[in-house]
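So the structure is just underneath, and the comments pick up after that.
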Amino acid sequence: MPMLRIVSPEGQERSAQLQAHNTLGRHPDNSIQILDRIVSKNHCHIIQVGNGFVLKDLGSLNGTYVNGQRVQGERALRRGDEIGLGSTKIIYVGDGGVSQPQMNSAPQMSAAPQPAAVDPRANAAVDPRANAAVDPRANAATAAAANTATAVAANTGLAAVPSPAPPVGRVTMAPGMVESHVRAKLAQQAAQNFVPERLIQDQAALRSDYEKLRVSFELTRAIAGELDVDRLLTKILDTAFEVLAVDRGVVLLLNDAGDLQPSCVRTKRGDGTEEVALSTTIINEVLRDRTAVLSSDALMDQRFKGAQSIIMQGIRSSMAVPLIYSEQLLGVMVLDSQVAANAFTDKDLQLTQALANQAAVAIQNGLYARKIEQQALTRQRFERLLSPAIAELVVNGEVEVEKGGHSRETTVFFSDIRGFTAMSERRSAQQIVDMLNEYFELMVEVIFDHEGTLDKFVGDEIMALFGSPVSHPDDPVRAVHVAVRQLRALEQWNRVRVARNDEPVEIGIGINTGEVVAGYLGSSRALEYTVIGDVVNTAARLCSAASAGEILISRATYLRVKDYFRAEELPPVHVKNKAQPLQVYRVHGEL
């Protein structure tokens, strides 16, 4: 069986069987992946022709070499041929049993010449598969983003949660990076200090401080007044690309769960198809020590031995800086260059940290503005169901809004309009809607005045809760007070209606107290706070049994309010789905 014997730059040896069509390159989509930073993503093909194999270079920048000679177009392979791809040595083995040169565990490479400045980006356009079209909206991108969170968690101890796809491109992280000391570090505090003018002894220090101030000023001008976080992050990366020789940039922000999430991605290509692989080793260093990290040559740095994410992408220089505002870590900004091994210097690292310091202030302001906006929206939504006081507790987190339920004592209140069906037949739909809106406005205001919770409207019916989600010692008393006040408000409203030749509205009210299961029910996208239990059904039956202008309460409620209201016991009432008649009391007013 025809085979290839592959020796990596580190001297590791492996074999690969040849098929009819073989692709070799740095990208994992190749049938034979070559983890070598000098190798292109899709470097060459080896194709079977008759009984032999032909090697075809795909226009790689560093070239493909056979026995020390660069391949121009195609070349037929002979047994024992030595193929050079970057720093990797490959021996072509024909049919089994053919002798080949002796290979030691650490051979002397006769690999292809390596130019001083290699730009792996030049290979991207050779083969369409080198950058297979990736739509960040697709499921694959979502999976990649989820892998990002998982990878960061594996190296930071943070809990991983699936993250949404970044707005541009794809971001992945390769686990299994080797931790060690970084080549260049810049402490957060040191990056912020500026010495007084009288203490400056040389022009280099003066120029360095000037450049920091200039970059900060340019960024401040670019993001002035911008509170939209997405646009803000885009402007921050745009500024980084303007002042530094950057090929790709990623901003990762910590979400509410404390997990890093890709929030903005930019590449020099700018078409959104390039996959960006980040090293968790670098990011973990930043998270742990809150320091800016510079790797001037990731492959030659002992920390990155075996770091496939960096080898695959051909990263020569990378910088990762923390985004810190008032001692709070907001996230990490990662910039990299694929042009040369020393694309970034210590000065670039200082400039990037200065950029990050200014960016952190703007990001915090943007996040704070977003939080206020979300709170306002949340408050607006909850104020439709809860009294303003209780809605404020929910917004401030003092009352949890979460899926599930728990048992608690609640007084359940029902009211509905008597003769509503007949009224609907005599009026147009628009007249009925206008009447209901006016009626609900009056009734709900009374409920909120007593800190009740509006559960729902069902046609002309109102369901309210006292004791859920916030309880008071006198919840049954509050519920009956609401019933009495609603009848008074209805009487005044009816006088207005009669004066304008509208028929009066009459309602019946039923109230019951007991243990219910209360909580937020529904899907993760649409939750509704409600209560479930026999107490609810009984309150609804009492409401159905009440005549126009009548307030009926159960014995459980009566025992809690008898010292506050005048009430008379009525004959037991038989209601639907109840085997035993109910003890019922009619409320006449306050004592």
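Listed values, structure above:
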item	result
Integer Hz, Karplus 6.51/-1.76/1.60 couplings in order for the stretch 331-338, x for Gly and Pro	x, 9, 10, 10, 10, 9, 10, 10
Pairs beyond 26 Å (Cα-Cα), from Lys371/Lys456; Lys235/Lys268; Lys268/Lys347; Lys41/Lys347; Lys456/Lys562	Lys371/Lys456; Lys41/Lys347; Lys456/Lys562
Gln430 paired with Gln12, simple spin-label distance in nm, labels 7 Å along Cα-to-beta-carbon	7.7
Size of charge dipole - the stretch 439-531 - debye, nearest 20, with Cβ of Lys, Arg +1 and Asp, Glu -1, no other charges	140
In nm, spacing of pseudo-spin labels at Val49 and Arg231 (7 Å Cα→C-beta vector)	5.8
Extension gain, Phe440 back to Asn67 (0.36 nm per residue minus Cα-Cα distance, nm)	125.4 nm
³J(HN,Hα), Karplus 6.51/-1.76/1.60, whole Hz, each residue of the stretch 12-23, x for Gly, Pro	7, 10, 8, 10, 9, 7, 8, 9, 5, 9, 10, 10
Distant-in-sequence amide H partners of Phe565 (H built 1.01 Å from N, under 5 Å)	Leu591
The stretch 24-97, relative contact order [Cα under 8 Å, separation at least 6], %	23
Amide H contacts under 5 Å for Val276, placed H, 5+ residues apart	Arg170, Val171, Thr172
Inter-site label distance for Thr345 and Phe217 at 7 Å from Cα along Cβ, in nm	2.2
Additional length obtainable on full extension of the chain from Glu327 to Leu206, 0.36 nm per residue less Cα span	40.8 nm
Relative contact order (%) - criterion: Cα under 8 Å, at least six apart; region: the stretch 479-591	23
3J(HN,Hα) from dihedral phi, the stretch 445-456, Karplus parametrisation 6.51/-1.76/1.60, rounded to Hz, x for glycine, proline	4, 5, 4, 5, 4, 9, 6, x, 10, 6, 7, 6
For Gly508, residues with placed amide H under 5 Å, excluding near neighbours	Asp416, Arg418, Gly549
Per residue Cα convex hull volume in Å³ - calculated over the stretch 501-591	156
Descending semi-axes in Å of the stretch 411-541, equivalent ellipsoid built from Cα gyration tensor	28, 17, 13
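Any read-out appearing in this document is the output of simple, stated calculations on the displayed coordinates, not a laboratory observation. All values derive from a computational prediction rather than experimental measurement. Methodologically, a virtual Cβ is constructed for each residue, glycine included, from the backbone with ideal geometry; neighbour enumeration extends over all protein chains shown.
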